[in-house]
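Read-outs throughout are calculated quantities, based only on the coordinates presented, and are distinct from any laboratory measurement. Here the structure is a predicted model, which is why all the values come from computation and not from measurement. FYI the Cβ positions are ideal-geometry reconstructions off the backbone, even for glycines, and counts take in every protein chain you see.
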Amino acid sequence: MSARPLRAPAPVLALAVALTLTACAPAGSGVPRDALGRVTESARTSAWALAVGDCTAALDATGTLETVDVVPCEAPHAFEVFSSRTMTEPTFPGLDQTDDLAARECRSAFTAFVGVPPDRSRYTVLFLHPTQRSWDEQTDRELLCLAGRSSGGVTGSLKDVEE
């Protein structure tokens, strides 16, 4: 399924894009991490291996996402995973409802994380969420929120940058 960009009213600089997770690997799989769980070396891994605090290279925001390139956050990167939520619905609510839920969750979490709402930030909000297939076949229930710039060039964490 393809992703749909969700745009806030002008003059907004932030863009929320839905990406769907379709990979299947245990969290942390193949990602070099230190004792605190921080990525220590660049690596290509399953999208399921992403964790809050991970930073990524540019992501293809046009549909499903199976693999990602993670990098240490001290190195130039495109996005940082800043929030995770487990969906509790008993059945898959459908892509439109999942998009809406992820957009609400990530916008709210973005404000708490960055320090300004998405419509006042120069950074982009992305979210990753389950598909019907990953929900049914892999019991995927995780929504992930990411902040950054598609063009990259982010160094360090965006926590409390207030821009």
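Label region 49-127 by shape, choosing from rounded, prolate and oblate, from the square roots a ≥ b ≥ c of the eigenvalues of the Cα gyration tensor; if a/c is under 1.5 it is rounded, and otherwise prolate applies when a/b is larger than b/c, oblate when it is not. Could you put the intermediate results ahead of the total?
Numbers: a/c = 1.83, a/b = 1.28, b/c = 1.44.
Oblate, because a/c is 1.5 or more while a/b does not exceed b/c.
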Euclidean distance of C-alpha centroids, region 56-79 and region 111-159, integer Å = 11
Along region 90-98, what does the Karplus equation 6.51 cos²θ - 1.76 cosθ + 1.60 (θ = phi - 60°) give for ³J(HN,Hα), rounded to whole Hz, x for Gly and Pro?
-> x, 9, 4, x, x, 5, 5, 5, 5
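Find how much the distance from Ser151 to Asp96 grows on full extension, using 0.36 nm per residue of separation minus their present alpha carbon separation; answer in nm with one decimal. Intermediate values should be presented prior to the final figure.
Details: separation 55, 0.36 × 55 = 19.80 nm, distance 2.71 nm.
Taking Ser151 through Asp96 to full extension adds about 17.1 nm, to one decimal.
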How do the peptides 116-122, 157-163, 45-51, 73-79 rank, highest first, by the average count of neighbouring beta carbon atoms within 10 Å per residue?
-> 45-51, 73-79, 116-122, 157-163
Rounded FRET efficiency, nearest 0.05, which uses the C-beta distance separating Ala112 from Asp60 and R0 of 30 Å = 0.65
